[in-house]
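Visitor: Below is one structure. I have some questions about it.
The values are calculated or read from the model by the stated rules, or taken from the named source; none is laboratory data. As the structure is a computational prediction, the values presented were derived from the model and not from experiment. No Cβ is skipped: glycine too gets one built from the backbone with ideal geometry, and neighbour counts run over all protein chains shown. We work out accessible area using only protein heavy atoms, side chains counted, and drop any ligands, DNA or RNA first. Shrake-Rupley method; radii C 1.70, N 1.55, O 1.52, S 1.80 Å.
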Amino acid sequence: MNIDISSTSEYPTWLPPSYHVATGSTSSPSLVSLTMLEHDADFPDNFPRTAKWCGDGSSLMVQCENRSFQMFTIESRSSSTSTSRSLTHTKTFPQPAPIVDFAWYPGASQHNPPACCFVASVRDCPVKLLDGKDGRLRASYPIVDHRERYVAPHSLAFNMTVDKLYCGFEDAIEIFDVQRPGEGKRLPTTPSKKSKDGLKGIISTLAFSCSPEYYAAGSLTPPSRVSDNIALFNESALEPVLSIGGVTGWEKGGVTQLMFNPTRPHILYAAFRRSERLWSWDLRGDPSVPLCCFSRKVVSNESGHKNLTNQRRQFDVEGTGKWLAYGNQLGQIAIYGLEIGSGERLAGGGGIGEARQIGPTLLYDAHCDAVGAVAFHPLEPRLLSVSGSRHFDEVALTASSTGGSDSDSESSDESTENVDMVRRLKERPQPSVRDASTKMWDFKGHGAM
């Protein structure tokens with residue numbers, strides 16, 4: 001935390017964190033904390049899916065593969081020479097079914113117990129408002145389909161006044177009054193199932209702009225020439241006001257995350273499934289033409305996404321709107337500069353149509369597995385990263401595809417018709433995890449700006 005103590009002021013003035021990123025550097029920032037999840041004997045290959053800081057950074061919530069949330073806090077340890085800070089596990093909140101998404105209450109803090117809570121979307125359950133201290137249920141917000149089954153939304157977001165909770169699911173957004181648990185108001189994102197207008201499919205992400213009353217929604221349905229999969233909505237009018245796209249030739253998957261720049265609310269960033277690229281739009285201009293493409297490689301519209309994972313990976317923009325962080329499935333983290341007029345951020349000087357391609361200011365090896373999420377600390381120049389993904393044993397897969405035993409080889413000598421016979425294993429191969437760690441990186445003194 002940066003504090004400016006002036007002799008003319010009675011109270012110290014807090015300054016936003018300053019991230020020192022060396023241009024063109026490949027060296028890693030300082031690793032200040034390496035933490036593993038609490039061991040689960042029933043799920044030994046557990047790994048973090050995503051992680052999010054609460055509003056003041058006093059707590060970290062990690063969504064895990066074993067259907068649980070794990071809470072961490074930052075603990076300071078002082079010695080005679082220095083003071084170190086590390087993440088410490090405090091609580092585990094198990095859930096009855098797989099977790100789809102979660103979101104902190106915007107004012108959540110360990111120092112403010114009434115506001116220390118979060119909402120969670122769990123399969124076949126109502127949306128839950130859970131206490132951040134002990135995990136107890138505070139309120140429920142049910143979404144029921146035409147078969148009277150609970151629907152778990154794929155995206156959750158509070159509006160800027162924190163009185164409404166928005167939940168995105170198939171072809172609709174459900175809007176709840178936070179102070180009044182119970183049924184909400186449904187906003188269809190498409191006129192009908194057969195209609196080609198509006199947002200079709202699962203609403204996978206929601207993002208509110210600092211500008212009043214506007215938010216963006218994205219769908220998992222791939223974009224096409226007749227329809228985009230991102231739209232800007234007006235909160236008061238309860239309808240879309242703008243269609244956002246222009247990446248049909250380069251992105252073949254749906255939208256996985258949307259985020260507005262904190263200091264320039266007219267700039268929108270988007271990530272797509274099975275893609276290493278991020279895109280941005282300036283909503284003051286033509287929303288059908290992207291402003292920038294963030295990529296560590298030269299952008300091509302060829303099908304280079306065959307070996308990319310379907311796993312959702314979260315990017316983040318720090319509070320001053322100057323830096324963007326994004327991890328890839330190789331365990332690397334890329335830091336992109338967002339300053340307007342920064343010529344050093346152009347990669348190759350080329351563009352895609354009218355969109356500029358921007359390469360990373362810093363790219364470093366952070367993990368030995370896919371980076372599922374990165375998150376900037378709200379008050380300090382630190383970056384959090386989590387890693388982990390499912391890997392199936394190659395030996396088991398080979399055995400399941402070829403099959404066979406000594407008795408099979410003897411019978412194959414008698415009949416050539418059984419040579420191509422494939423037998424399934426009695427036990428299904430179980431996935432393994434290469435790196436299920438949570439790390440915190442310090443950017444306070446890394447290089448020079």
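Visitor: Using the structure shown, select from LYS52/LYS196; LYS164/LYS193; LYS52/LYS185; LYS52/LYS193 the pairs with a Cα to Cα distance greater than 32 angstrom. Provide the component values of the computation, followed by the final result.
Guide: Details: LYS52/LYS196 35 Å; LYS164/LYS193 27 Å; LYS52/LYS185 27 Å; LYS52/LYS193 35 Å.
From the list (LYS52/LYS196; LYS164/LYS193; LYS52/LYS185; LYS52/LYS193), the Cα-Cα distance tops 32 Å for LYS52/LYS196; LYS52/LYS193.
Visitor: Let me ask you something else. Would you work out what percent of the accessible area of the range 61-194, with all protein chains in place, is carbon or sulfur (probe 1.4 Å)? Present the calculation step by step, with values, prior to reporting the outcome.
Guide: Numbers: 3180 of 6610 Å².
Here carbon and sulfur together make up 48 percent of the probe-accessible area.
Visitor: At R0 = 51 Å, how high is the FRET efficiency between ASP131 and GLU339 if r is their beta carbon distance? Nearest 0.05 is fine.
Guide: On the way: r = 40 Å, r/R0 = 0.79.
According to the calculation, E is roughly 0.80.
Visitor: Expressed in nm to one decimal, what extension gain is obtained for the pair CYS368 and SER236 from 0.36 nm per residue of sequence separation less their Cα-Cα distance? Could you put the intermediate results ahead of the total?
Guide: On the way: separation 132, 0.36 × 132 = 47.52 nm, distance 4.59 nm.
Result for the pair: 42.9 nm of gain on full extension.
Visitor: Moving on to the next point. Can you list residues from other chains, or at least 5 along the same chain, whose modelled amide H is less than 5 Å from the amide H of GLN257?
Guide: Under 5 Å from the amide H of GLN257: ALA271.
Visitor: Right, something else. Counting only other residues whose beta carbon sits under 12 Å from that of ALA366, what net charge do I get with K and R as +1, D and E as -1? Walk me through the numbers before you get to the answer.
Guide: Numbers: positive: LYS439; negative: ASP365, ASP369, ASP435.
It works out to a net charge of -2.
Visitor: Label points 7 Å out from Cα along the Cβ direction at LEU330 and THR88: separation in nm?
Guide: Going by the 7 Å Cα→Cβ label model, 3.8 nm.
Visitor: I've got another one for you. How many nm separate the modelled label positions at THR263 and GLN311, each set 7 Å beyond the Cα in the direction of the Cβ?
Guide: Result: 3.3 nm between the two label points.
Visitor: Describe numerically, in nm with one decimal, the distance between label points set 7 Å from Cα along Cα→Cβ at LYS196 and at ALA22.
Guide: Those two pseudo-labels are separated by 5.4 nm.
Visitor: Sticking with this one: Run the numbers for ASP124 and ASP282: contour at 0.36 nm per residue of separation, minus the present Cα-Cα distance, in nm.
Guide: Numbers: separation 158, 0.36 × 158 = 56.88 nm, distance 3.80 nm.
Full extension from ASP124 to ASP282 adds 53.1 nm.
Visitor: Under the Kirkwood approximation for Rh and a Cα-based Rg, what ratio Rg/Rh is obtained for the range 136-199? Present the calculation step by step, with values, prior to reporting the outcome.
Guide: Details: Rg = 12.7 Å, Rh = 12.7 Å.
Checking Rg against Rh, the ratio lands at 1.00.
Visitor: Would you mind getting the accessible area per residue of the range 69-165, heavy atoms of the protein chains only, 1.4 Å probe, in Å²?
Guide: Numbers: 4700 Å² over 97 residues.
I get 48 Å² per residue for this part.
Visitor: Counting Lys and Arg as +1 and Asp and Glu as -1, what is the net charge of the other residues whose Cβ lies under 15 Å from the Cβ of LEU383?
Guide: +2
Visitor: Which length gain, in nm to one decimal place, applies between LYS185 and VAL162 when the Cα-Cα distance is subtracted from 0.36 nm times their residue separation?
Guide: 6.7 nm
Visitor: Over the heavy atoms of CYS117, what accessible area does a 1.4 Å probe trace out, to the nearest 10 Å²?
Guide: Per-residue accessible area (CYS117): approximately 10 Å².
Visitor: Just to confirm a number: summing +1 for Lys and Arg and -1 for Asp and Glu over residues other than LYS252 whose beta-carbon lies under 10 angstrom from that of LYS252, what do you get?
Guide: Working: positive: ARG273, ARG274; negative: GLU251.
Neighbour charge sum, excluding LYS252 itself: +1.
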